[in-house]
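The values are calculated or read from the model by the stated rules, or taken from the named source; none is laboratory data. Just so it is clear, the structure is predicted and the values come from calculations on it, not from any experiment. Here the Cβ is made from the backbone with ideal geometry for all residues, glycine too, and neighbour counts use every protein chain on show. Side chains are part of the model used for accessible areas, which takes the heavy atoms of the whole protein and leaves out ligands, DNA and RNA. Shrake-Rupley method; radii C 1.70, N 1.55, O 1.52, S 1.80 Å.
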Amino acid sequence: MSLNRIRFHHPVEPVELALLQRVFDRACLTRKLCKRSLEAESMAVLLVDLFAHGVRQEHHLAVMVGNRPLSAASRVAQ
């Protein structure tokens with residue numbers, strides 16, 4: 001699903017955007033993902049989709065995006 005297909009019923013407020021960014025940043029760091037990788041982009045789309053569908057608790061979002069399979073090609077070189 002692309003971001004173009006996700007519809008919001010209200011504008012995303014700065015505090016909500018900050019929440020999404022925190023979850024995304026933490027998930028990328030924890031999973032050693034390059035933020036510009038396809039896996040990270042896919043995770044970001046899922047994160048925004050979950051938020052658009054009512055998942056608003058930071059912990060719930062983190063758990064839901066953290067349980068996705070990780071492809072080896074998306075890992076940051078160590």
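A few remarks follow.
- The candidates His10, His59, arranged from most to least accessible area with a 1.4 Å probe in the full protein assembly, appear as His59, His10.
- 5 angstrom amide H check on Leu33, placed H, neighbours 5+ away: Val76
- Order by protection proxy (mean Cβ within 10 Å, highest first), peptides 42-50, 12-20, 30-38: 42-50, 30-38, 12-20
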